[in-house]
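Undergrad: I'd like to ask you about the structure that follows.
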Amino acid sequence: MLEHNSVISKRKKKVFLAQLSLAEKTGLPLFLHNRETGNDLLDLLKTHRHRFTRGVVHSFDDTIELAKEFMDLDLYIGINGCSLKTVENLAVVKQLPLKKLMIETDCPWCDIRASHAGFSHIKTSFDTKQEKKFERGFCVKGRYEPCHIIQVAEVIAGTRGSSTSLRDIADACLRNSYDFYRF
């Protein structure tokens, strides 16, 4: 995970390069968190593209231009509630090709809140109980659960309008997951 407020520190870069070495040796995919790193992560990946087979840029909330650059490296773009906060985020999501889209919840974080631009597209709700207190058949209040992934898909489908159905999103993401995990 490369996450900080300016450029990638020497220590984080060293650890990241070690992770790339593992990816190269094992053939396993990369799961990348690009947050407030500017183009640093992109530049590293371009330089070391030969060292990994595939990957996903998780929790993507940047520009369509940056998304296209990641996709040019044959990476998927992972979308969750944190990716759907602003009108600008929704405009980016609307432009992502389905063949490069993955959806995620980032449990227990990254829920889609009423203050998020995409909230109005949610159709599915879940009964909840008191925060931090599990009860079978209910979600824990304030915690995003795996079942909430449908809400991410609903927002993406709603943002795209009648041209892309919820089923289209689900089918594409299932195919992409099979490809990514090599099922």
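The values are calculated or read from the model by the stated rules, or taken from the named source; none is laboratory data. Computed from a predicted model, the values in this text were never measured in an experiment. Note that each Cβ is placed from the backbone with ideal geometry, even for glycine, and that neighbours are counted across all protein chains shown. Accessible surface areas use protein heavy atoms only, side chains included; no ligands, DNA or RNA. Shrake-Rupley method; radii C 1.70, N 1.55, O 1.52, S 1.80 Å.
Undergrad: For a paramagnetic label modelled at 7 Å from the Cα of Leu174 toward its Cβ, which residues of region 102-143 fall within the zone defined by backbone nitrogen distances under 17 Å?
TA: In region 102-143, the label zone of Leu174 (backbone N under 17 Å from the point 7 Å along Cα→Cβ) covers 102-104.
Undergrad: Based on the mean of other Cβ atoms within 10 Å per residue, sort peptides 14-20, 70-76, 58-64 so the most packed one is first.
TA: 58-64, 70-76, 14-20
Undergrad: Could I ask something else about it? How many percent of the accessible area of region 97-178 is carbon or sulfur, using a 1.4 Å probe?
TA: So the carbon and sulfur contribution to the accessible surface is 52 percent.
Undergrad: Next question, about the same structure. Over every pair of different alpha-carbon atoms in region 25-96, take the mean of 1/r and invert it; report that Kirkwood radius in Å.
TA: The Cα-based Kirkwood calculation yields 12.5 Å.
Undergrad: Starting from region 25-122, pick out the trypsin sites (Lys or Arg not before Pro) whose DSSP state is loop and whose Cβ has at most 16 other Cβ atoms within 10 Å.
TA: Here the sparse-neighbourhood loop sites are Arg113.
Undergrad: Still on this model: Where in region 82-150 are there chymotrypsin sites (Phe, Trp or Tyr not before Pro) that are in a DSSP coil and have at most 10 other Cβ atoms within 10 angstrom of their Cβ?
TA: Phe134
Undergrad: Which cysteines does the chain leave without a neighbouring Cys Cβ under 4.7 Å?
TA: By the Cβ distance rule, which asks for a partner under 4.7 Å, the isolated cysteines are Cys107, Cys139, Cys147, Cys173.
Undergrad: Need one number: nm distance between label points at Lys10 and Thr63, each 7 Å from Cα along Cα→Cβ, rounded to one decimal.
TA: 3.1
Undergrad: Let me ask something additional. Please report, in debye to the nearest 20, how large the charge dipole of the chain is about its Cα centre when each Lys and Arg carries +1 at its beta carbon and each Asp and Glu carries -1 there.
TA: Dipole about the Cα centre, nearest 20: 480 debye.
Undergrad: In Å², what does the accessible area per residue of the chain work out to with a 1.4 Å probe?
TA: Per residue, the chain has 58 Å² of solvent-accessible surface.
Undergrad: Along its principal axes, what span do the Cα atoms of region 1-138 show, with the longest given first and each in whole Å?
TA: 46, 33, 29
Undergrad: Using 0.36 nm per residue, how much length does the chain from Ser120 to Thr47 gain when fully extended, once their Cα-Cα distance is taken away?
TA: My answer for the length gained is 22.2 nm.
Undergrad: While we're here: Quick one, what does Rg over Rh come out to for region 94-136 if you take C-alpha atoms and the Kirkwood Rh?
TA: 1.04
Undergrad: Can you tell me which of 159-165, 149-155 comes out highest on packing, and rank the rest after it, using the mean Cβ neighbours within 10 Å?
TA: 149-155, 159-165
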